[in-house]
Amino acid sequence: MNRTLQEAFPHVYCELDFTTPLELSVATILSAQCTDVRVNQVTPALFARYPDAFSYASADRTELEEMIRSTGFYRNKANSIIGLGQALVERFDGEVPGTLRELVTLPGFGRKTANVVLGNAFGVPGLTVDTHFSRLVRRWGWTVETDPVKVEKEIGELFPRKEWTDLSHRIIFHGRRVCHARTPACGVCLLAKDCPSRGEGQIDPMKAAALVKGPETEHLLELAGVTP
């Protein structure tokens with residue numbers, strides 16, 4: 001299934017726009033209960049206004065909340081971002097640390113956020129157990145666990161560590177493009193032959209094709225032998 005995912009998504013990447021570990025940290029905090037597309041609309045102005053940890057640490061809360069309001073839960077997110085800036089200034093000389101042990105001590109960080117930052121900003125392999133990841137690995141029968149830490153441990157034992165970051169991206173891509181929560185596009189899913197949940201979604205190829213999303217749609221449908 002992993003090899004099939006590699007064929008389906010040969011080029012994977014973090015869909016949050018960033019240039020530094022701090023920018024990715026803030027973007028990942030904003031992405032909770034929000035689409036990456038929306039976050040990417042908000043962050044250019046945000047990153048220009050707050051270029052470093054010191055800026056976030058001393059941010060005017062009302063101004064920051066207004067800038068991130070459209071991402072939802074903006075008060076809680078503002079608390080996390082200001083707290084993150086303060087913690088980085090007080091404990092890490094304003095720099096985002098590069099270890100899981102240190103990252104999970106920061107405001108707004110859990111293991112998921114830490115692994116996003118490690119894998120994409122520092123090149124340290126990590127599994128990003130978000131809602132898409134958890135949903136798909138259970139749907140595929142890779143695990144029956146629901147606790148994210150247990151899911152991360154079980155899936156990590158199935159694959160070489162060096163593959164963890166790209167594997168996370170592929171699973172998340174597949175969850176966003178094909179294997180949707182409510183109606184998976186089973187009829188054009190390249191994993192269908194190996195999937196124990198095949199048939200839970202739309203199995204008619206033409207109807208399933210209409211459910212596929214994202215920039216890889218043409219490629220995915222071509223591999224599935226379907227012309228919409």
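The values are calculated or read from the model by the stated rules, or taken from the named source; none is laboratory data. Only a predicted model underlies this, so the values are computations on that prediction, with no experimental measurement involved. Backbone-built Cβ (ideal geometry, glycine too); neighbour counts: all protein chains shown. In case anyone asks, the SASA skips ligands and DNA or RNA and just uses the protein heavy atoms, side chains included. Shrake-Rupley method; radii C 1.70, N 1.55, O 1.52, S 1.80 Å.
Projecting the Cα atoms of L64, V39, P51 onto the charge dipole of segment 39-83, computed from C-beta unit charges around the Cα centre, puts V39 farthest toward the positive end.
Think of the chain as a dipole: +1 on every Lys or Arg Cβ, -1 on every Asp or Glu Cβ, centred on the Cα centre; then among T165, T4, L127, T4 lies furthest on the positive end. Couplings 3J(HN,Hα) for segment 97-113, derived from phi with the Karplus relation 6.51 cos²θ - 1.76 cosθ + 1.60 (θ = phi - 60°), are x, x, 10, 4, 4, 7, 4, 5, 8, 8, x, x, 10, x, 5, 4, 4 Hz, where x marks Gly and Pro.
Ordering W164, W140 by accessible surface, largest first, gives W164, W140; the 1.4 Å probe counts only protein heavy atoms, with every chain in place.
Taking the Cβ of D36 as the center, what net charge do the other residues with Cβ under 12 Å away carry, scoring Lys and Arg +1 and Asp and Glu -1?
Net of charged neighbours comes to -1.
Once a ≥ b ≥ c are taken as the square roots of the eigenvalues of the Cα gyration tensor of segment 33-91, is the result rounded (a/c under 1.5), prolate (a/b larger than b/c) or oblate (a/b not larger than b/c)? Judged from the Cα gyration tensor, segment 33-91 comes out prolate (a/c at least 1.5, a/b above b/c).
Rounded to the nearest 10 square angstrom, V12 shows an accessible area of 20 square angstrom against a 1.4 Å probe. Each of L103, S80, F92 was placed along the dipole of segment 69-111 (beta-carbon charges, centred on the mean Cα), and the one lying farthest toward the positive end is S80. Computed from point charges on the beta carbon alone (+1 for Lys and Arg, -1 for Asp and Glu), the dipole magnitude for segment 1-112 about its Cα centre is near 420 Debye. Which label belongs to the value computed from this structure, given these candidates for Kirkwood radius over Cα pairs in Å: [x] 18.6; [y] 17.9; [z] 17.0? Checking each listed value against the structure points to [x].
What the phi angles of segment 142-159 give under the Karplus curve with 6.51, -1.76 and 1.60, with θ = phi - 60°, is a coupling list of 6, 7, 10, 5, 10, 6, x, 5, 5, 4, 4, 5, 5, 5, x, 6, 8, 9 Hz, glycine and proline written as x.
Of the whole protein surface, K153 contributes about 130 Å² of accessible area at a 1.4 Å probe radius.
Kindly report the accessible area of segment 40-105 per residue (heavy atoms of protein chains, probe 1.4 Å, no ligands, DNA or RNA), in Å². Could you put the intermediate results ahead of the total?
Working: 3500 Å² over 66 residues.
Accessible area per residue, segment 40-105: 53 Å².
Rg and Dmax of segment 19-145, based on Cα coordinates, read 14.8, 47 Å.
Taking the C-alpha atoms only, the angle from helix 164-177 to the longest principal axis of the chain is near 70 degrees.
Phi angles across segment 12-23 convert, under the Karplus curve 6.51 cos²θ - 1.76 cosθ + 1.60 with θ = phi - 60°, into 3J(HN,Hα) values of 10, 6, 6, 8, 8, 7, 6, 10, 9, x, 5, 4 Hz, Gly and Pro given as x. Summing charges over all other residues whose Cβ lies under 12 Å from the Cβ of L64, with Lys and Arg as +1 and Asp and Glu as -1, gives +1. The residues E154, E218, sorted by heavy-atom accessible surface at 1.4 Å with ligands and nucleic acids left out, run E218, E154 from largest to smallest.
Rounded, prolate or oblate: which one fits segment 117-228, using the alpha carbon gyration tensor with axes a ≥ b ≥ c (rounded when a/c is under 1.5, else prolate when a/b beats b/c, else oblate)? Prolate, because a/c is 1.5 or more and a/b exceeds b/c. The dipole here belongs to the chain: it is taken about the Cα centre, uses +1 on the Cβ of Lys and Arg and -1 on the Cβ of Asp and Glu, and is about 680 debye.
Within the straight-line cut-off of under 18 Å between alpha carbons, the lysines reachable from K162 are K112, K153, sequence neighbours fewer than 8 places apart in one chain being disregarded. For segment 72-150, the dipole from Cβ point charges (+1 on Lys and Arg, -1 on Asp and Glu) about the Cα centre works out to 400 debye, to the nearest 20.
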